[in-house]
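Encoded as structure tokens, the structure appears first; notes follow it.
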Amino acid sequence: YDCAGVCQGTAVEDVCGQCEGTETDPTQCIQDGYSIDISNVNPTSGTLDIIMNNEGSVSGFQFTVDGVNLLGATGGSAEANGFSVSTGGTGVVLGFSFSGATIPPSNGVLTTLSFDSLSESVCLSDVILSDSAGLALDVTVGDCFDGFGCMDETACNYDSEANMDDGSCEYAEENYDCDGNCTAEID
């Protein structure tokens with residue numbers, strides 16, 4: 001029998017265990033509980049993704065993104081499910097459906113936010129997710145995004161924990177090391 005119970009059938013489970021599912025990335029599998037996090041911060045394009053895992057339906061959300069000046073929100077499961085998402089320059093993001101639609105269980109991009117300025121640290125705060133009865137859900141909030149720094153391993157100020165280059169790399173002068181010591185050999 002295949003996963004659909006058909007004798008000699010061809011239905012198979014995807015990486016998330018869904019019969020005839022299409023998911024190939026295990027990080028997109030729905031986890032227990034509710035969580036929200038920041039991902040894919042791109043200062044060049046002025047965008048960042050808000051990732052939400054929800055084991056049950058979500059009928060509304062509100063949170064603050066500290067460290068950015070927001071311009072708008074597009075895409076993700078919020079847009080796909082007909083939510084109206086509004087943003088404020090103070091970092092407040094509010095999403096709900098006028099028709100009563102909900103975001104079904106999922107694990108992926110809730111919405112992509114656009115911004116015109118960004119600080120060294122970007123954090124989520126005051127997060128509220130609500131169920132179809134309007135009750136607040138217990139949500140785990142991810143860590144702040146502090147991934148800016150010099151990513152060039154040859155630079156004096158290389159930051160091994162950085163995941164986004166901020167253009168701050170500093171290099172030793174010719175014939176000197178990063179501490180200012182002379183490295184030239186004198187004959």
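Taking every pair of alpha-carbon atoms in the chain, give the share separated by more than 28 Å as a whole percent. Intermediate results must be reported in sequence, preceding the final value.
On the way: 7507 of 17391 pairs.
Every Cα pair in the chain considered, those over 28 Å come to 43 percent.
Just the Cα atoms of region 1-66, one point each, no solvent: what log10 I(q)/I(0) does Debye give at q = 0.19 Å⁻¹?
-0.88
Keeping every protein chain present and rolling a 1.4 Å probe, give me the accessible area per residue for the chain in Å². Let's see the in-between values first.
Working: 10860 Å² over 187 residues.
So the chain comes to 58 Å² accessible per residue, rounded to a whole number.
Return the single residue from Thr111, Thr24, Thr47 with maximal mean-square fluctuation; model: Gaussian network over the chain, springs between Cα atoms under 10 Å.
Maximum among the listed residues: Thr24.
Normalising by the residue count of the chain, find the relative contact order in percent from Cα pairs under 8 Å and 6+ residues apart.
19
Using helices alone, I'd like the mean residue ellipticity at 222 nm for the chain: each DSSP H run of four-plus residues gives -39500 (n - 2.57), total over residue count, nearest 500.
Working: 1 runs with 5 residues, N = 187.
Roughly -500 deg cm²/dmol at 222 nm, from the helical runs in the chain.
Quick check: at a probe of 1.4 Å, how many percent of the accessible area of region 103-160 sits on carbon and sulfur atoms? Let's see the in-between values first.
On the way: 1460 of 3010 Å².
Carbon with sulfur: 49 percent of the solvent-accessible area.
Just read off the accessible area of Thr74 with the full protein assembly in place, 1.4 Å probe, to the nearest 10 Å².
Roll a 1.4 Å probe over it and Thr74 shows about 80 Å².
Loop sites only, by DSSP: take the GluC sites (Glu not before Pro) in the chain that have at most 11 other C-beta atoms within 10 Å and name the longest stretch containing none of them. All intermediate terms of the calculation are to be shown ahead of the outcome.
Details: sites that count: Glu153, Glu161, Glu170, Glu173, Glu174, Glu185.
That would be 1-152.
Taking only Cα atoms of region 39-144, what ratio of Rg to Rh do you get with Rh as the Kirkwood inverse-distance radius?
On the way: Rg = 13.0 Å, Rh = 13.7 Å.
Computed over Cα atoms, the ratio is 0.94.
Considering only Tyr171, Gln18, Gly60, whose Cα is most displaced toward the positive end of the charge dipole of the chain, charges sitting on Cβ of Lys, Arg (+1) and Asp, Glu (-1)?
Sorting the options by dipole projection puts first Gly60.
The values are calculated or read from the model by the stated rules, or taken from the named source; none is laboratory data. Given the structure is predicted, the values throughout are model-derived calculations rather than measurements. Don't worry about glycine lacking a Cβ; one is built from the backbone with ideal geometry, like all the others, and counts go over all protein chains shown. Calculation scope for accessible area: heavy atoms of the full protein, side chains included, ligands and nucleic acids excluded. Shrake-Rupley method; radii C 1.70, N 1.55, O 1.52, S 1.80 Å.
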